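Student: Before we start, here is the structure in question, set down as C-alpha cells.
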Amino acid sequence: MRYTTVVESNDLAERVAAGDFRAAARLMRWLDDGDPRALPVYSRLFDRMGHAMRTGITGAAGVGKSTLVDALVTRWRAAGLRVGVVAVDPSSPFTGGALLGDRVRLGRHAEDPGVFIRSLASRGRLGGVSASTALVAGVLDAMGFDHVVVETVGVGQGEVEILRHVDTTVVVIAPGHGDEIQAQKAGLLEIADILVVNKADLDGAEDAAAHLEAAIALSDRDARKPRVLRVSAREDQGIEGLVAEIDRLRGEGQARPGYPRDERSRTEALLADLVTRESGVRLRRLLDLDAEARTIVDAVAARRLDPFAAAEALLEHLLK
Ligand SMILES: Nc1nc2c(ncn2[C@@H]2O[C@H](COP(=O)(O)OP(=O)(O)OP(=O)(O)O)[C@@H](O)[C@H]2O)c(=O)[nH]1
Ligand SMILES: [Mg+2]
C-alpha cells in the first residue's frame, strides 16, 4: 500500500481548496475506495468545512428527484450560488432498472464551473455508501460550494442513514401510484423537513397533497411538522417556494440550534459510519492475513468456540 508524502497531500489539498475539479474527483475516489492516501488530504481540508447548506432529496424511483435537483440548481446558479450534487445511484438492477430509460441525468449543468456533480454507487462496496456520501459532501463543502445536494432513492434503511448527514431533508412524492401511502409506510414522513408533491401538473396531485396534509396533522410530530409544497419540476412551477422554505429552515436552524439537524448529530452519524467502515476494512485484512484470527475462525467452524465469544476475541485482537 502506498502512502502519500506530506508534500503530495498538501498539494492536492490546496488544489481542492482552490476548486480544482480534477483534484477533487481524485480525492473523492480515494475516499470512496477507503484508500488511505485520502486521510492526510481530508484532514488538511477539514477546517474549511462547515459552511455549505446540505439538502437531501429523497423519494421513490421516478418521482422526479433529479428533475427537481436540476430546477433547484438552475435557481441557485441564477442567484450566483455554487452547487455541488451527490447522486447516490442504486446500482442494483432490481431497484434502479425499471425506470432507467426514463430517468433524468443532470448533464445540463455539466459544463458549468459553478456546478459539480458526482455519482456514487450505492451497492457492492465496502462499508456502505453512507460514509462515502458524507465524506464527498465534506469535500464539496471545503471547495466552497454554497449548496450541497444529496439525491437518493428513498427505499430503505440505508437511505435514511445517508440523510443523517444533511441539514434539511426534502421528501418527494408523485401522484398516481399510492406513493403518498407508501411514503407514509416507509417512515418517510417522519424524516421529512419539507414534503414536495411533484408532478403537480398531473391529475391526483391535489389528492396526494391533501392526504399528506391530513397525515401530518394527525401525526404526533411537534412543532417540526413539515410543510407540503406543490411543485412541478418539469414545468418549473413552485421551485421558488421550495428554495424559500429551505432558506427559512436554515434561518430557523441558526436561530435555534438542533433544528432541523445540527452539527453535533451530523458529526455523530459520520463517526459511527467511519468507525463501522474502518473496523470492517481492518477485520477483513485481519481475517486474510493474521494467523491468530484464522485460528479463531477455525475454532468456530469446528464448533469448539461459540460465535459471540469469537467476535469478542476478534474485536480485542483488532484493537491491539
Ligand atoms: N408530468 C411531470 N413529469 C415529471 C415532472 N418531474 C419529472 N417528471 C418526469 O418523471 C420522469 C422521472 O424523472 P426523474 O427526475 O429522472 O426522477 P427521479 O426521481 O430522479 O428518478 P430516479 O433517479 O430513477 O429514482 C421523467 O420522465 C421526468 O421528465 C413533473 O413535474 N411533471
Ligand atoms: Mg434521479
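Student: Going through 234, 227, 264 one at a time, which residue ends up being more than 21 Å from the chain's Cα centre (by Cα) and free of Cβ contacts under 8 Å to residues at least 40 places away in the same chain?
Tutor: Sole residue among the options that is more than 21 Å from the chain's Cα centre (by Cα) and free of Cβ contacts under 8 Å to residues at least 40 places away in the same chain: 227.
Student: Can you go through 174, 233, 215, 223 and tell me which one is within 16 Å of ligand 2 (Cβ to nearest atom) and at pLDDT below 95? Spell out the reasoning first.
Tutor: Numbers: 233 fails: at pLDDT below 95; 215 fails: within 16 Å of ligand 2 (Cβ to nearest atom); 223 fails: within 16 Å of ligand 2 (Cβ to nearest atom).
On inspection, the qualifying residue turns out to be 174.
Student: Within region 134-141, can one find any residue that is without any contact (Cβ under 8 Å) to a residue 60 or more places away in the chain and more than 18 Å from residue 66 (Cβ to Cβ)?
Tutor: no
Student: I need the full set of residues from region 13-68 which are within 16 Å of ligand 1 (Cβ to nearest atom) and charged (D, E, K, R), in order please.
Tutor: Matches in region 13-68: 65 only.
Student: Select from region 177-201 the residues that are of a type outside the set (A, V, I, L, M) and within 16 Å of ligand 2 (Cβ to nearest atom) and list them in ascending order.
Tutor: 179, 198, 199
Student: Filter region 229-244 for residues that are assigned to a helix (DSSP H, G or I) and touching a Lys or Arg at 6+ places or on another chain (Cβ under 9 Å); which is surrounded by the most Cβ atoms within 10 Å (Cβ to Cβ)? Don't jump to the end; show me each part of the working.
Tutor: The initial filter retains those residues of region 229-244 that are assigned to a helix (DSSP H, G or I), namely 239-244.
So of that shortlist, the ones also touching a Lys or Arg at 6+ places or on another chain (Cβ under 9 Å) come out as 239-243.
Details: 239: 20, 240: 11, 241: 15, 242: 22, 243: 16.
Residue satisfying both the conditions and the ranking: 242.
Student: I've got another one for you. Out of region 83-128, which residues are of a type outside the set (A, V, I, L, M), crowded, with 16+ Cβ neighbours inside 10 Å and modelled with pLDDT of 70 or more?
Tutor: Correct list: 84, 89, 109, 114, 116, 118.
Student: Find all pairs meeting these conditions: Cβ atoms under 8 angstrom apart; at least six residues apart or on different chains; first residue within region 15-36 and more than 16 Å from residue 84 (Cβ to Cβ); second residue aliphatic (A, V, I, L, M) and assigned to a loop (DSSP other than H, G, I, E, B).
Tutor: Qualifying pairs under 8 Å: 34/126; 36/1.
Student: Also, quick follow-up: Looking at (1) away from ligand 1 (no atom under 14 Å from the Cβ); (2) buried (at least 23 other Cβ atoms within 10 Å of the Cβ), can you tell me which one residue 208 breaks?
Tutor: The one condition residue 208 does not meet is (1).
Student: Would it be correct to say that residue 248 is modelled with pLDDT of 90 or more, exposed (fewer than 15 other Cβ atoms within 10 Å of the Cβ) and of a type outside the set (Gly, Ala, Ser)?
Tutor: Values: modelled with pLDDT of 90 or more: yes; exposed (fewer than 15 other Cβ atoms within 10 Å of the Cβ): yes; of a type outside the set (Gly, Ala, Ser): yes.
Yes; evaluated as a whole, the condition is true for this residue.
Student: Restricting the first residue to region 189-207 and requiring it to be within 22 Å of residue 220 (Cβ to Cβ) and assigned by TED's automatic domain parsing to the domain that holds residue 71, which pairs with a second residue that is among the acidic types (Asp, Glu) and away from ligand 1 (no atom under 15 Å from the Cβ) meet a Cβ separation below 7 Å and a spacing of at least six or different chains?
Tutor: 194/245
The values are calculated or read from the model by the stated rules, or taken from the named source; none is laboratory data. Just so we're clear, the structure is a prediction, and the values are computed from it rather than from any experiment. Glycine gets a Cβ as well: all are built from the backbone with ideal geometry, and neighbour counts include every protein chain shown.
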